[in-house]
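Everything below concerns the one structure shown next.
The values are calculated or read from the model by the stated rules, or taken from the named source; none is laboratory data. What you see is a predicted model; the values in this text were computed from it and never measured. Heads up, the Cβs are rebuilt from the backbone with ideal geometry, glycines too, and the neighbour counts pull from every protein chain shown. Please note that ligands, DNA and RNA were not included when accessible areas were found on the heavy atoms of the full protein model with its side chains. Shrake-Rupley method; radii C 1.70, N 1.55, O 1.52, S 1.80 Å.
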Amino acid sequence: QQLGMPLSNEEYQQFFRLFRAAHLASKSCLLRMLFGCKNPLIQRLDKYENHGVIPEGPICSELPGTPFFPDFCTFSFYRCLRKKYFIKV
C-alpha cells in the first residue's frame, strides 16, 4: 500500500476491531472533538488509518451525496457527527 492511501477492507477490519462497538468508536470521536485533529493520539490513529500519512488536500469519499471534503480532518469530523465511523475514503 502507498503512503497516505486508505486501508484495504481487510486492514480496516483489523483497525476497527477495537472500535466495533459504536460506543468505543464514539469515544474516539469525543477525543477528536475535545482535542482536535492536532492531538498526538488522534494523529496517530489518522496516520495508522492511512498507511502512515495523514492525507493533505481534498478528500473524496464513498458517501452518497457528500463526495468531497477539503481535508482529512473535516472528513473525520463528518464521520463522527453522522456516526458513520467506518466509511472509507
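Among what's in the stretch 49-78 and is in contact (Cβ under 8 Å) with a residue 40 or more places away in the chain and in a helix (DSSP H, G or I), pick the residue that is surrounded by the most Cβ atoms within 10 Å (Cβ to Cβ).
Ser76
Please identify the pairs in which a residue from the stretch 1-13 that is over 19 Å from Tyr85 (Cβ atoms) has its Cβ atom under 8 Å from the Cβ atom of a residue that is among the small types (Gly, Ala, Ser), counting only partners at least 6 apart or on another chain.
So the pair list comes out as Gln1/Ser8; Leu3/Gly52; Gly4/Gly52.
Given the criteria in a loop (DSSP other than H, G, I, E, B), surrounded by 16 or more Cβ atoms within 10 Å (Cβ to Cβ) and modelled with pLDDT of 85 or more, does Pro6 qualify?
Judged against the criteria, Pro6 is not a match.
Cys37 versus (1) open to solvent by 60 Å² or more (accessible area, probe 1.4 Å); (2) in a loop (DSSP other than H, G, I, E, B); (3) at pLDDT 80 or above: which is the lone unmet condition?
(1)
Would you pick out the residues in the stretch 79-89 that are buried (at least 17 other Cβ atoms within 10 Å of the Cβ) and at pLDDT below 85?
Scanning the stretch 79-89 gives Tyr85, Val89.
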